[in-house]
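The values are calculated or read from the model by the stated rules, or taken from the named source; none is laboratory data. Just so you know, these numbers come straight off a predicted model, no measurement behind them. Heads up, the Cβs are rebuilt from the backbone with ideal geometry, glycines too, and the neighbour counts pull from every protein chain shown.
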Amino acid sequence: MHTSSISTEILVIGGGATGTGVAWDAALRGFRTILVEKRDLTHGTTGRYHGLLHSGGRYVVKDPHSAVECIAENRILRRTHTHCIEDTGGFFVVTPEDEGDYPDRFVAACRETGVPCQEISVAEALRREPMLNPRISRVFEVPDGAADSFLATHATAQAARQAGARILIYHEVVGLLTEGGDGDKRVTGAVVRDTVSGESIHIHADLVINASGAWAGQLAGMAGVGVKIIPGKGVMVATNHRLVNSVINRCKMPSDGDILVPVHTVSIIGTTDEEVTDPENLVITAEEVQYMLAEGDKLVPGLSAARIVRAWAGVRPLYQEGFSGDSRDATRSLTLLDHKARDGVQGFLTITGGKWTTFRMMAEKTVDRACEHLGVERTCTTATTPVPGIEQGHYWLGHRLHEVEEEQLQGGLVCECELVTRQMVESAARRNPTVTLDDLRRDVRLGMGPCQGGFCTYRAVGILHEIGRERHDPDFVLEGESDAEDWEVAYLQSPAESSRGHSITEHATPDAIPDTPLPTRSPAIDQRSPVSNPNLLLRDFLQERWKGVLPVLWGRQLKQERLDELIYLSLMNADHLPDDEAQSPLTGFYRAS
Amino acid sequence: MNDLIVIGSGLAGLTAAYSAVKAGLSVKIIAKGMGITHWHAGTIDVLGYAAKGKGVARPLEASGDLPDEHPYQLLDEKGLATALTEFAALTAEMGLPYTGAQTAGDNLWLPSPVGAARPAFLAPAGQAGGDLSTGQPLLIVGIEGMRDFYPKLIAENLAKQGHSARHAFLPLSLFTQRHDITTLQLAKLVEEPARLSPLADALIRIVQPGERIGLPAVLGFENHPAVLARLTEATHAPVFEIPTLPPSVPGIRLHTRLRRRLEAMGVRVEIGMEAISFGAEGERILWVETETSSRPLRHRAANFLLATGGILGGGIHSDHTGRAWEVVFDLPLTIPQERSGWFRPHFLDGGGQPVFRGGVPVNANFQPIRPEGGPVYANLWAAGGGLSGADSIRERSVEGIALSTGGAVASLLASNPVK
Ligand SMILES: Cc1cc2nc3c(=O)[nH]c(=O)nc-3n(C[C@H](O)[C@H](O)[C@H](O)COP(=O)(O)OP(=O)(O)OC[C@H]3O[C@@H](n4cnc5c(N)ncnc54)[C@H](O)[C@@H]3O)c2cc1C
């Protein structure tokens, strides 16, 4: 097997919010930086979280330190990542079950931690949120928001690229390079496997930063360092439309199923906290879903009867030195482990814990420490540097609808639920290295609506296949690599932008009917990637979807699933396509058991 | 009062009504929607895959090996064959002839919208021309701007399976100045004589001698047979259709013609009527009530046939507690009343999902039965997708089960009518 070797100043492991934040910060401070992520950006917890931009209100009583971090970052992210955040506002509501003195303690704690909090009348709250349980007794308003972590991570990664960082997705760290022995050990880089081509690369670095979230313990282990992550699994359930327009929290000690967040077209009820052993294969039980729905009914009566489109789970990368106990009680604060001071291992930092809301601050602290290690003084500028795309303002489905109607793009819709056009799919695939349809789902929300990919899966497979180009083509470059400078990721979300800006559809005239197939549309899909194998793409996505809908199949969603079976099995016969043995990085998910 | 009320207007309901009327009964159909014909290929799938996903070459013979609880095992020996022959005859009469494989009794293997070979027993003449058991090279032709048909994908997959296949695109400007179009709009346009010649000319210029031409299934609604004939004649190449992503033009053609035929025979087909309750006296059902905008309507009849389909058709509902119920008569079901028993972890698991195998259990007379055994009502029958004992989508028997069980109920009623 061919092994190549590259070197850099800083190597970041993990393409979640934290890792991309670190890469962005480090690149802005002028460090040569490479980030490696084993799958797609946001594959980890960042892509499976609840969607809440915390005001800090949730933690004021239990974890005040964390609350202070949240409100500070809440204010900053609204400026640096404007388009990724919807200013929904949030309520803390006291339901008939939440008795006791918690509400008063809550108010006092908000004051102490500086989380803005205002009590409003129940009538006013019901006027703004008519679906809310009318039996609530008190309501407090806080500056919660809804945050799109897919878009935010892409935008941060793009900002990092523009500052000179290299972002390598589908690159997995399989070992750490070390020098020296006990007491004098030094991490000098990592052995990385390109999971698409199978090649292995040695990346030498002056400093390695482990930002691998719930996997941080595994990574640290590769350097012989013991880091005990407390993996707390959380389950979330999405309804098929927005039941509320503000974030609704129960005003009580944080517990299960007590937050409802409106995110784009859906509302998400969550979450749970259960210690698990493996961050990768998370099982969601019928009981967990049932429990979420029952708790949801207490906030919005009738929620359990709504159509449920998907359930998923993420793992909190919680860390507390020497902690043993229930994972819910572990601190939500960030933890920066300097392995030189802690374990006598140089050139290696681990950043873990925290929340999505605090990723920028986590990155700042980490890169501050990196500066010390590398013996330089450079100040952090991320708090005042907006990422690309903020001029768009917050993006919501209404934008797409408006553009689609204005420019008459209806017939070009590939996904009717989320208003994704053919051009958006093409742009996303050409600009971002796309390996699976699930990557596209994260990029443009393909298949995230009520039909969960029933119609768009086939269309996306057909389109990607059509725009593919032969592997042996010497001119092949991924567009995203050559024009990172001027491409705005935010435009991925815009139906009109992708059809206006880059007109790639050449319509032939009747006179010019060639006798060979028309060269169809713009090329440029990486033929090494499984995207070039449509059958694999289809099979993997169907299975991936199945995993997401399985815990919530009943009623109309079960009927929808049966329609998808009719289409993909009976009509298409997709379970009897050639290439049954082909593999992609996603295949492992279901071949394993 | 009618001899028979059929609830459901899918293929099971329509064919049962047709056979019953032919046998002299008076029949009315009430239905909430139009069944799943609009969502499928428009072919008659009888049995494509047996246990563990093994391909079936000769479905009538293989049907004998199915498990005892399978609806096919309730039919008498010739039941399935007769239903299929009668259906083929009916389609010929309706001007939309369906045919089978060249070797009688074999399955057809037809190109699917992704280029897999899909097993069907009968297909409209337009689709049967795509049968992959003949080796004739294929030119798969798509239309730019259509989002529900991908010729390159189809041709490449066919080639991977050893067929000689290539693809080409036609510009949408042959039909319209728009940039995109839906399948149904296209099917309407293709029917206009003025558009047919440019289409034929375009095809002539790309087809090579010896090839057959596969087009998306948009070759007209009413004039489909004429469109097909005209293109075949002009190009000197066999022209056939490949189904698209739904809605399905071939499915709509079949449904429309069947319904029209029934109406011509005096059957009232009332669509948009959801059965919401019923009245019974002892062993007999007296009436079924449907919802209308003003007040509920009562439909009385001597006999009732439940042909509302399964989970997809809407005959069976379920909720998050794991309860599943039959919506009109609340009949006993064989679906596990526990969600944990409904599914397997893998979508493509050859065994299928257990929840879809359950349904309404019936006796040899197709009467819904109680768990202890006896019929629930003396004048209630069931047919089609709601029956227990088969996952018709996994085994590709959706239409076969509908036709044969619907036909079986009709002939039982005709031979000893309950008045
Ligand atoms: C159920 C739940 C709900 C949450 N809700 C919220 C919320 O509403 N608001 C909020 O602010 N926070 C929330 N959080 C917390 C927040 O989601 C996480 O703190 C945050 O996303 C962690 O980001 P991360 O980058 O540290 O980790 P991750 O996103 O997990 O990133 C780690 C990455 O490392 C990669 N990786 C692992 N091993 C390797 C390897 N060997 N080589 C290369 N790459 C590797 C993984 O693939 C992964 O992409 C929630 C957490 C959970 C579990």
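Mind counting the residues in segment A:215-242 that are buried (at least 18 other Cβ atoms within 10 Å of the Cβ) and within 15 Å of the ligand (Cβ to nearest atom)? Selection size over segment A:215-242: 19. Residue pairs whose Cβ atoms lie under 9 Å apart, separated by 6 or more positions or on different chains, with the first residue in segment B:33-49 and within 8 Å of chain A (Cβ to nearest Cβ) and the second polar (S, T, N, Q) and surrounded by fewer than 23 Cβ atoms within 10 Å (Cβ to Cβ), do not occur.
Residue by residue, here is whether (1) within 14 Å of chain B (Cβ to nearest Cβ); (2) modelled with pLDDT of 95 or more; (3) away from the ligand (no atom under 16 Å from the Cβ) holds:
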residue	(1), (2), (3)
A:ARG332	no, no, no
A:VAL345	no, yes, yes
A:LEU349	no, yes, no
A:VAL376	no, yes, yes
A:THR379	no, yes, yes
A:GLU407	yes, no, yes
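Annotation for segment A:184-197: no member residue is crowded, with 19+ Cβ neighbours inside 10 Å, more than 9 Å from the ligand (Cβ to nearest atom) and part of a helix (DSSP H, G or I). Of the residues in segment A:131-139, at least one is in contact with a helix residue (DSSP H, G or I) (Cβ under 9 Å, 6 or more places away or on another chain), among the hydroxyl-bearing types (Ser, Thr, Tyr) and surrounded by fewer than 17 Cβ atoms within 10 Å (Cβ to Cβ). Just wondering, is there one or more residues in segment B:280-297 that are of a type in the set (Phe, Trp, Tyr), farther than 30 Å from B:PRO354 by Cβ and in a loop (DSSP other than H, G, I, E, B)? The answer is no; no qualifying residue exists.
Among the candidates A:ASN245, A:ASN281, the residue that is surrounded by fewer than 17 Cβ atoms within 10 Å (Cβ to Cβ), in contact (Cβ under 8 Å) with a residue 40 or more places away in the chain and in contact with a strand residue (DSSP E or B) (Cβ under 7 Å, 6 or more places away or on another chain) is uniquely A:ASN245. Scanning segment B:43-73 for residues that are closer than 24 Å to B:GLY359 by Cβ and either β-branched (Val, Ile, Thr) or touching a strand residue (DSSP E or B) at 6+ places or on another chain (Cβ under 7 Å) (or both) turns up B:THR43, B:ILE44, B:ASP45, B:VAL46, B:GLY48, B:TYR49, B:VAL56, B:PRO71. Got at least one residue in segment B:307-316 being at pLDDT 90 or above and in a strand (DSSP E or B)? Checked against the condition, which is being at pLDDT 90 or above and in a strand (DSSP E or B), segment B:307-316 yields at least one hit. Of all residues in segment B:277-300, those satisfying the criterion of being on the phi < 0 side of the Ramachandran plot, small (Gly, Ala, Ser) and either modelled with pLDDT under 95 or under 27 Å from the mean Cα position of the chain (by Cα) (or both) are B:SER277, B:SER293, B:SER294. Taking segment B:146-183 as the range and being of a type in the set (Gly, Ala, Ser) and more than 7 Å from chain A (Cβ to nearest Cβ) as the test, the residues that pass are B:ALA155, B:ALA159, B:GLY162, B:SER164, B:ALA165.
Within segment B:20-43, the residues that satisfy the criterion of being within 15 Å of A:LEU569 (Cα to Cα), touching a Ser or Thr at 6+ places or on another chain (Cβ under 9 Å) and among the hydrophobic types (A, V, I, L, M, F, W, C) are B:TRP39, B:ALA41.
For segment B:375-419, the tally of residues that are in a loop (DSSP other than H, G, I, E, B) and at pLDDT 95 or above stands at 11.
Against the definition (in contact with a Phe, Trp or Tyr (Cβ under 9 Å, 6 or more places away or on another chain) and surrounded by 20 or more Cβ atoms within 10 Å (Cβ to Cβ)), how does B:PRO250 come out, yes or no? Spelling it out, it is not the case that B:PRO250 is in contact with a Phe, Trp or Tyr (Cβ under 9 Å, 6 or more places away or on another chain) and surrounded by 20 or more Cβ atoms within 10 Å (Cβ to Cβ). When you scan segment A:1-99 for strands (runs of 3 or more DSSP E) that lie fully inside it, which ones turn up with 3 or more residues that are away from the ligand (no atom under 15 Å from the Cβ) and among the polar types (S, T, N, Q)? Result: A:3-13. Within segment A:409-419, the set of residues being surrounded by 24 or more Cβ atoms within 10 Å (Cβ to Cβ) and more than 11 Å from chain B (Cβ to nearest Cβ) comprises A:LEU419 only. All told, B:LEU25 falls short of being touching a helix residue (DSSP H, G or I) at 6+ places or on another chain (Cβ under 8 Å), assigned to a helix (DSSP H, G or I) and at pLDDT 95 or above. Would it be correct to say that B:ALA31 is over 11 Å from the mean Cα position of the chain (by Cα) and more than 22 Å from B:LEU122 (Cβ to Cβ)? Spelling it out, B:ALA31 is indeed over 11 Å from the mean Cα position of the chain (by Cα) and more than 22 Å from B:LEU122 (Cβ to Cβ). Scanning segment A:266-301 for residues being among the polar types (S, T, N, Q), near the ligand (Cβ under 10 Å from one of its atoms) and under 17 Å from A:GLY44 (Cβ atoms) gives a total of 1. Being crowded, with 24+ Cβ neighbours inside 10 Å, of a type in the set (Asp, Glu) and over 30 Å from A:MET292 (Cβ atoms) is true of B:GLU399.
Residues that are free of Cβ contacts under 8 Å to residues at least 60 places away in the same chain and over 15 Å from B:TRP109 (Cα atoms) within segment B:132-146 comprise B:GLU144, B:GLY145, listed in sequence order.
Comparison of B:LEU132, B:LEU139 shows that the only residue that is more than 23 Å from the chain's Cα centre (by Cα), within 13 Å of another protein chain (Cβ to nearest Cβ) and more than 23 Å from A:PHE455 (Cβ to Cβ) is B:LEU139. Only a single criterion out of (1) without any contact (Cβ under 8 Å) to a residue 40 or more places away in the chain; (2) at the interface with chain A (Cβ under 9 Å from one of its Cβ atoms) is not satisfied by B:ALA226, namely (2). If you go through segment B:326-335 one residue at a time, do you hit one that is touching a helix residue (DSSP H, G or I) at 6+ places or on another chain (Cβ under 8 Å), of a type in the set (Val, Ile, Thr), under 30 Å from A:GLU288 (Cα atoms) and without any contact (Cβ under 8 Å) to a residue 40 or more places away in the chain? Yes, the conditions are met somewhere in segment B:326-335. Checking each residue of segment B:91-110 against the condition of being modelled with pLDDT of 95 or more, assigned to a strand (DSSP E or B) and within 12 Å of another protein chain (Cβ to nearest Cβ) gives at least one match.
Among the criteria (1) within 14 Å of the ligand (Cβ to nearest atom); (2) closer than 30 Å to A:GLU99 by Cβ; (3) out of contact with any Lys or Arg (no Cβ under 7 Å at 6 or more places or on another chain), the one A:ILE209 does not fulfil is (2).
Scanning segment B:240-269 for residues that are in a loop (DSSP other than H, G, I, E, B) and in contact with a Pro (Cβ under 7 Å, 6 or more places away or on another chain) yields B:PRO243, B:THR244, B:LEU245.
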